[in-house]
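Structure first, then comments.
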Amino acid sequence: MSQIIEAKIVFRLQDEGGRQQVPSGISYRPHLVVENSVVYLGVNFIEIPDQVQLGVPYTQKMRLMYDLKDYELLQKGTKFKIMEGPNIVGEGYVL
């Protein structure tokens, strides 16, 4: 059974190297990279709320995609970057 975490996140504005718009739907699957780490951790965002805006922090639930020991890095208070390939599109911290 996959584990779910909750985090406070913000998507970067396009002029900050972020996205043109907030992802929608139920299949947004970026990677998280914890501060001082190079390990990409696959996650699946669970129902992104319709009212989310770029540049505005909000709370998001995420399903950890794989059975990896590296997910232990995602402890309460841990800061991370939201990655789409090599691009940082947001950041956040685990609640």
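Keeping to segment 30-57, report how many residues are within 15 Å of F11 (Cβ to Cβ) and outside any strand (DSSP E or B). Counting residues in segment 30-57 that are within 15 Å of F11 (Cβ to Cβ) and outside any strand (DSSP E or B) gives 11.
Say whether the condition of being part of a loop (DSSP other than H, G, I, E, B), under 16 Å from I5 (Cα atoms) and either at pLDDT 95 or above or within 14 Å of the chain's Cα centre (by Cα) (or both) is met by at least one residue in segment 77-90. Checking segment 77-90: at least one residue is part of a loop (DSSP other than H, G, I, E, B), under 16 Å from I5 (Cα atoms) and either at pLDDT 95 or above or within 14 Å of the chain's Cα centre (by Cα) (or both). Evaluation of Q14 against the conditions (1) under 18 Å from L95 (Cα atoms); (2) in contact (Cβ under 8 Å) with a residue 24 or more places away in the chain; (3) out of contact with any strand residue (DSSP E or B) (no Cβ under 9 Å at 6 or more places or on another chain) shows that the sole unmet condition is (1). Within segment 25-52, being surrounded by fewer than 12 Cβ atoms within 10 Å (Cβ to Cβ) and polar (S, T, N, Q) holds for S27, N36, Q51.
Within segment 58-79, count every residue that is crowded, with 16+ Cβ neighbours inside 10 Å and under 22 Å from Q14 (Cα atoms). Please lay out each step first, then the result.
First, the residues of segment 58-79 that are crowded, with 16+ Cβ neighbours inside 10 Å: 58, 60, 62, 64, 71, 73-74, 78.
Subsequent filtering for residues that are under 22 Å from Q14 (Cα atoms) retains 58, 60.
Adding up the residues that qualify gives 2.
Taken over segment 17-61, residues that are modelled with pLDDT of 95 or more and of a type in the set (G, A, S) amount to 2.
Applying the set (1) surrounded by 15 or more Cβ atoms within 10 Å (Cβ to Cβ); (2) in a loop (DSSP other than H, G, I, E, B); (3) in contact (Cβ under 8 Å) with a residue 40 or more places away in the chain; (4) among the β-branched types (V, I, T) to V22 leaves exactly one unmet item: (3). So, K61, is that one touching a residue at least 24 places away in the same chain (Cβ under 8 Å) and among the basic types (K, R) or not? When the stated conditions are applied, K61 passes them.
The values are calculated or read from the model by the stated rules, or taken from the named source; none is laboratory data. All values derive from a computational prediction rather than experimental measurement. Cβ sites come from the backbone with ideal geometry, for glycine too, and all protein chains shown count toward neighbours.
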